[in-house]
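The values are calculated or read from the model by the stated rules, or taken from the named source; none is laboratory data. Note that the coordinates shown come from a computational prediction; the quantities given were computed from them, not determined experimentally. Neighbour counts run over all protein chains shown; Cβ positions are idealised from the backbone, glycine included. Please note that ligands, DNA and RNA were not included when accessible areas were found on the heavy atoms of the full protein model with its side chains. Shrake-Rupley method; radii C 1.70, N 1.55, O 1.52, S 1.80 Å.
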Amino acid sequence: MRRVGIAGIGVAIPEKCLTNEDLAKFMDTSDEWIRSRTGIRERRLAEPHEATSDYAIRAARQAMERAGVEAEEIDLIIVATVTGDMPFPSTACLVQDAIGAKRAGAFDLQAACPGWIYGMTVAEGMIASGRFNCILVIGAEMLSKLVSWADRSTAVLFGDGAGAAILKPVQEGGIQATLVGADGSGGCNLYVPAGGSRRPTTAETVAEGAHFVKMNGQEVFKFAVRVMNEATGEILAKAGWTADQIDLLVPHQANGRIIDAAVKRLGLPAERVVVNVDRYANTSSASIPIALWEAQEAGRLKPGDKVVCVSFGAGLVWGALALEWTC
């Protein structure tokens, strides 16, 4: 089995910034209320005419440039998203066409916030087996288009963006362990009721707001704190590492209080944890690749560093990744 590592990473982030003060102008909320509960002070939003593929394409091109990879070298494109441009074709196919990856297969993967980790897990296995040599994994979301801006319990939480990684065989380092898990019994705690085969779109579903995100915040919070700690411990055990060997922890950027609880349990100092939820809010499957990109840009990542990524989301699902940085 071959080693697999990240050869290049890229992002695409909207220019439009919506602050907590902006929300308070049309919603019953305040900056203090939002920050004390979530740690979020602003989020980036796509324009009305923009779609998820627009950002996935931009992130892909940057990752390819940084990896020194041409479109014809890519064997497969995986786009992790719950906010695809349309039910079909897949957003991955739209990306494939736009970047000119004519040799590549393409499909979407739906695993909510841990979707990028799920995609990395799939891609790592495919390359390690020797059947593929170069895979593009993208996490891209536009959750701002799935929230009701009259519902402060969900609207304040989410932002838009995309992150992408090129995976290739490496001689040293790379992905050391992966972990994915699910508990479908909790699916009712975070979901969109309508728009699928169970409740197709009708005038009634639109009128009742059934196409917006619904969340049982208390239950999701309890699940997240528990599973973040458990998944981090499990991925460390699988990689054969201890917590004090982690050079950088990259947790899902959903809620500052959840991150604080996980970090406290591990006993890691702040300089070894990536936190950008205050500026981007929850970008779902794009959260971790954006955080990795920012850490690299800030000089916090160097080849050989031990990195742990961990995430949770609707499903309910979770995932974790241990890797030695390779780019």
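Numbers at a glance
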quantity: Calculated P(r) of the stretch 176-273 - Cα pairs past 23 Å, %; calculated: 43
quantity: The chain: C-alpha gyration tensor shape, a/c 1.5 cut-off, then a/b vs b/c; calculated: oblate
quantity: Net length gained if the chain between M27 and E47 were fully extended (0.36 nm per residue, minus Cα distance); calculated: 5.2 nm
quantity: Close Lys-Lys pairs in the chain, where close means Cα under 21 Å and separation is 8 or more or interchain; calculated: 11
quantity: Long-range amide H partners of G39 with built H, under 5 Å; calculated: G256
quantity: Percent carbon-and-sulfur accessible area, the stretch 1-145, ignoring ligands, DNA and RNA, probe 1.4 Å; calculated: 50
quantity: Qualifying trypsin sites (Lys or Arg not before Pro) for the stretch 1-107 [loop in DSSP, other Cβ within 10 Å: at most 13]; calculated: K25, K102, R103
quantity: For the stretch 52-176, the fraction of alpha-carbon pairs in successive 10 Å shells from zero, as %; calculated: 14, 45, 29, 10, 3, 0
quantity: Hz values of 3J(HN,Hα) by residue in the stretch 299-310 - Karplus curve (6.51, -1.76, 1.60), Gly and Pro given as x; calculated: x, 8, 10, 9, x, x, 5, 8, 10, 10, 10, 8
quantity: Cα centre as origin, Lys/Arg/Asp/Glu Cβ charges: the chain dipole, Debye; calculated: 540
quantity: DSSP loop chymotrypsin sites (Phe, Trp or Tyr not before Pro) with at most 14 other Cβ within 10 Å: longest gap in the chain; calculated: 150-327
quantity: Label-point separation, D278 to A98 (7 Å along Cα→Cβ), nm; calculated: 3.1
quantity: Point-charge dipole on Cβ atoms (K/R +1, D/E -1) for the stretch 1-145, about Cα centre, debye to 20; calculated: 420
quantity: Separation between Cα centres of the stretch 104-130 and the stretch 13-38, rounded to whole Å; calculated: 33
quantity: Net length gained if the chain between E208 and S36 were fully extended (0.36 nm per residue, minus Cα distance); calculated: 58.9 nm
quantity: Point-charge dipole on Cβ atoms (K/R +1, D/E -1) for the stretch 100-238, about Cα centre, debye to 20; calculated: 300
quantity: The stretch 69-133: GluC sites (Glu not before Pro) falling in loop per DSSP and having at most 13 other Cβ within 10 Å; calculated: E70
quantity: Gaussian network model of the chain, springs between alpha carbon atoms under 10 Å - residue of A314, A291, A128 with greatest fluctuation; calculated: A128
quantity: Whole-percent carbon and sulfur share, accessible surface of the stretch 152-308, 1.4 Å; calculated: 49
quantity: Pairwise FRET efficiency - W149 versus R198, Cβ, R0 = 25 Å, nearest 0.05; calculated: 0.50
quantity: Whole-Hz ³J(HN,Hα) from phi, Karplus 6.51 cos²θ - 1.76 cosθ + 1.60, for the stretch 251-257, glycine and proline x; calculated: x, 4, 8, 10, 7, x, 5
quantity: Difference of contour (0.36 nm per residue) and Cα-Cα distance, D260 to Y191; calculated: 22.3 nm
quantity: For the chain: accessible area per residue (Å², 1.4 Å); calculated: 42
